Amino acid sequence: MSSDRESGSIDIHAPYDTTNVFARILKGEIPSDRVHEDEEFVAFRDIAPQAPVHIVLIPRGQPPTSPAGIDATHQALAGRMLRAAAEIARREKLEAGGYRLVLNCGTDAGQTVPHLHLHILGGAVLGPLA
Ligand code: 5GP
């Protein structure tokens, strides 16, 4: 296994890390360009955008660290997260052209932040998935 892969790896089964970058964004310790906030979710522009519009949508609190942690207790949350993403995409005027929603899970997907999050990507014709 290459060191590059190891250096970016996270343990999706580790307990929630209260110092992860999204936890710090939620606490206001790290500034973010927020495009949406409600009682359950916060969405902000990605610091390293992979498309003209690249927004990260995260649940407040201590959600699963990755999609692998979604269990029966999170089903409603996951559904509301998709609805919130679609509403944000609509407000960002992505609906006509289309957009992509991405959930990364673990090392091979390149997940770097251990706090469940949904990428909203659009504003141009996007490349292949992988
Ligand atoms: P992942 O690769 O874990 O699926 O996605 C994490 C995302 O968070 C990456 O696209 C990365 O650019 C973004 N990110 C990491 N740190 C920050 C930050 O401090 N602010 C913002 N706005 N985005 C961040």
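Taken together, the residues in the stretch 18-29 that are more than 17 Å from PRO49 (Cβ to Cβ) and either within 12 Å of the ligand (Cβ to nearest atom) or of a type in the set (Ser, Thr, Tyr) (or both) amount to 7. Taking the criterion of being β-branched (Val, Ile, Thr) and within 14 Å of the chain's Cα centre (by Cα), the only residue of the stretch 114-130 that qualifies is ILE120.
Here is a check on your reading of the model: is HIS74 more than 22 Å from ALA130 (Cα to Cα) and more than 14 Å from the ligand (Cβ to nearest atom)? Here the answer is yes, as HIS74 does meet what is asked.
The stretch 19-97 holds strands (runs of 3 or more DSSP E) entirely within its bounds, and those carrying 1 or more residues that are out of contact with any helix residue (DSSP H, G or I) (no Cβ under 6 Å at 6 or more places or on another chain) and in contact (Cβ under 8 Å) with a residue 60 or more places away in the chain map to 53-59.
The set of residues in the stretch 80-111 being within 12 Å of the ligand (Cβ to nearest atom) and more than 10 Å from the chain's Cα centre (by Cα) consists of CYS105, GLY106, THR107, ASP108, ALA109, GLY110.
No other residue among ILE25, ILE88 is at pLDDT 95 or above and closer than 21 Å to LEU126 by Cα apart from ILE88.
The values are calculated or read from the model by the stated rules, or taken from the named source; none is laboratory data. A quick note: this is a predicted structure, and the numbers were derived from the prediction, not measured. Note: ideal-geometry Cβ built from the backbone for every residue, glycine included; neighbour counts use all protein chains shown.
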